[in-house]
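Heads up: the structure comes next, in C-alpha cells.
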Amino acid sequence: MAAKSKAKTKTKTKTKTKTKVKAKRAPKPLAKRSTSQKEGAWRIKCTSLAQIRQNIDMLDAQIVPLLSRRHYFVTQAANFKPSVAGVVVQSRVEEIIVKVRSMAAETGSNPDTVENVYRSLIDAFTADEQRHWKKLHK
C-alpha cells in the first residue's frame, strides 16, 4: 500500500508541475533607458525611426488586448442598464476623464491629449454598448 501511495503522490506532483504556467513578461523596450528618475524608467532614448516604430508596435501589442478587455466589460454593463438612453451616464464619463487626466499628468503626458483619446474611446464603446442593449431588449 505504501508503494502505491508514493506512486500516486509522484504522479500528482508531476501533473502539477506540468500544469504550471509561466507568467508572461512585458517585452523590453528596444533602446537605451534614460537614467533620469524624473523622466520615468519607461522613457528611453531611441536612436532611429525604426526603433521608435518597434517600440510603438510593442506597445500596441499590449494596448489592444487591454482595450478588448475593457470593451468586454463595457458591453456587459448593458445587462444592468434600464434603457438605451441609460447607457450613457455623463457623470461617470466625467469621473473617468478626471481620473485619466490625473494619471496623464503624473506620468508626464499631456492631459488634454489623453482626455481626447479617452473621449473618443468612450464614445466608440458607448455606441457598442447601446447596440448590445438593443439586442438584449428586442
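Quick note: the coordinates plus some simple rules give every number you see, no bench work behind them. Keep in mind that what you see is a predicted model, and the values were worked out from it rather than measured. Quick reminder, even Gly has a Cβ in these numbers, built from the backbone with ideal geometry, and neighbours come from all protein chains shown.
Summary table below
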read-out: Cβ-defined net charge surrounding Val98, 12 Å radius [Lys, Arg +1; Asp, Glu -1]; value: 0
read-out: Along each principal axis, Cα extent of the range 27-136, largest first, Å; value: 52, 24, 18
read-out: Lysine pair number, Cα distance threshold 15 Å (strictly under), the range 27-136, separation 8 or more or different chains; value: 4
